[in-house]
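The values are calculated or read from the model by the stated rules, or taken from the named source; none is laboratory data. In this text, all values refer to a predicted model and were calculated from it rather than measured experimentally. When we count neighbours, we look across all protein chains shown, and the Cβ atoms used for this are built from the backbone with ideal geometry, even at glycine.
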Amino acid sequence: MKKSIMFLLIVSITFSIFLLSPTEKEVRNGETIDLGEIGPGQTITLYIAPEVVTGGRYGQGGRYDFAKVISITPGWKHEDSKLLGYPLQVRITAAKDAKEGDYYSNITVIDENYGEMLDNVTLITKVRIVYDVMDLTVSPMEQTVRPKEQANTSITIHNKGTTGDVFRIWTEGSERWDYNKEIYVAANSTETVVYTIQEEEEEKYIIKIKVQSLASDIINDERIVNVRFKSDLIADYKSTNNGLIIFSLFEGLIYSISGFISNLF
């Protein structure tokens, strides 16, 4: 009898589940798993394999039915898995104003009504809140193009966190060339969009490019770019040598002189 009790106790202690994402790892009952860094307001999703191959009624494993968050930091949100989901998905969302630091939650994987005699497995999740989860690169910061040509500015967002996020990109400084776009950037990845403006005449713009996470306004950055549309007199002179243009006698003489001058440069 004592041996049977000890056996059941050992099985209960060594019960484990397999975490599929955001990291692949076997997690034993009571073990703490580090899920990495996220920003305020961001959501991290855990994917848990419901099947196990050990323990249970016949010692050959079985299937867990759902996963439930049993403790979480006040102000944070969570979503338990659906019953019999595959895989079991649990979402944890940080408070939008969460301070930087480490936060813990407890998640229990459950065999409903102990139907397959699988003991509950509780894992402790650790996430680190950091504000520096996004890098913004804008290029070029300054450019001069001729009227009627396009001025293209590349806006690159690098999401350094362990969860994906949606970022809003918008501009300030010119109502005519207002830009507003939302893009999804997966965890530890980069996305680039191109902001384009075009003018018929000489003009100068000072544009502020702003980026902000939809999860929290704490995650934001901005850059200022200078775009100038300016005629290139030398290039205009050179263009007169590229083909026959019909002008009046006086205008033809002027453009001939212009073409001659351009060849001196």
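Take region 139-173 and flag every residue that is more than 30 Å from TYR47 (Cα to Cα) and part of a loop (DSSP other than H, G, I, E, B). Once the filter is applied, which keeps residues that are more than 30 Å from TYR47 (Cα to Cα) and part of a loop (DSSP other than H, G, I, E, B), region 139-173 yields PRO140, MET141, ARG146, PRO147, LYS148, GLU149, GLY173. A search for C-beta distances below 9 Å between a residue of region 186-207 that is in contact (Cβ under 8 Å) with a residue 60 or more places away in the chain and any residue that is of a type in the set (S, T, N, Q), counting only pairs 6+ apart in sequence or on different chains, returns ALA187/ASN159; ALA187/THR162; ALA187/THR163. Yes or no: region 55-67 includes at least one residue that is in contact with a strand residue (DSSP E or B) (Cβ under 8 Å, 6 or more places away or on another chain), part of a strand (DSSP E or B) and closer than 26 Å to ALA215 by Cα. Scanning region 55-67, I find at least one residue that is in contact with a strand residue (DSSP E or B) (Cβ under 8 Å, 6 or more places away or on another chain), part of a strand (DSSP E or B) and closer than 26 Å to ALA215 by Cα, so the answer is yes.
Within this structure, GLU51 fails the test of being closer than 29 Å to TYR131 by Cα and either touching a residue at least 24 places away in the same chain (Cβ under 8 Å) or not basic (Lys, Arg) (or both).
Pick from region 42-64 the residues that are surrounded by fewer than 17 Cβ atoms within 10 Å (Cβ to Cβ) and not β-branched (Val, Ile, Thr): which of them is nearest to THR23 (Cα to Cα)? By that ranking, first place goes to GLU51. In region 97-109, of all residues being buried (at least 17 other Cβ atoms within 10 Å of the Cβ) and within 22 Å of VAL133 (Cα to Cα), the one that is farthest from the chain's Cα centre (by Cα) corresponds to SER105.
Answer yes if at least one residue in region 250-257 is modelled with pLDDT under 95, closer than 16 Å to ALA151 by Cα, outside any strand (DSSP E or B) and not aliphatic (A, V, I, L, M), and no otherwise. No. Exactly one residue out of ASN159, ASN180 is in the same structural domain as ARG223 (by TED's automatic domain parsing), within 20 Å of the chain's Cα centre (by Cα) and surrounded by 13 or more Cβ atoms within 10 Å (Cβ to Cβ): that is ASN159. Based on this model, can you work out whether LYS126 counts as out of contact with any helix residue (DSSP H, G or I) (no Cβ under 8 Å at 6 or more places or on another chain), surrounded by 13 or more Cβ atoms within 10 Å (Cβ to Cβ) and part of a loop (DSSP other than H, G, I, E, B)? So LYS126 fails the test.
The residue that is farthest from ILE38 (Cα to Cα), among those in region 103-120 that are modelled with pLDDT of 95 or more and hydroxyl-bearing (Ser, Thr, Tyr), is THR108. In this structure, does ILE197 turn out to be over 21 Å from THR162 (Cβ atoms) and surrounded by 13 or more Cβ atoms within 10 Å (Cβ to Cβ)? So ILE197 passes the test. Considering every residue within region 209-223, establish whether at least one is out of contact with any Gly (no Cβ under 9 Å at 6 or more places or on another chain), surrounded by fewer than 15 Cβ atoms within 10 Å (Cβ to Cβ), more than 14 Å from MET134 (Cβ to Cβ) and not assigned by TED's automatic domain parsing to the domain that holds LEU46. No; the residues of region 209-223 include none that is out of contact with any Gly (no Cβ under 9 Å at 6 or more places or on another chain), surrounded by fewer than 15 Cβ atoms within 10 Å (Cβ to Cβ), more than 14 Å from MET134 (Cβ to Cβ) and not assigned by TED's automatic domain parsing to the domain that holds LEU46. Only a single item in (1) closer than 21 Å to ASP132 by Cα; (2) β-branched (Val, Ile, Thr); (3) buried (at least 16 other Cβ atoms within 10 Å of the Cβ) is not met by VAL27, and it is number (1).
The condition of being in contact with a His (Cβ under 8 Å, 6 or more places away or on another chain) and not basic (Lys, Arg) holds for SER189.
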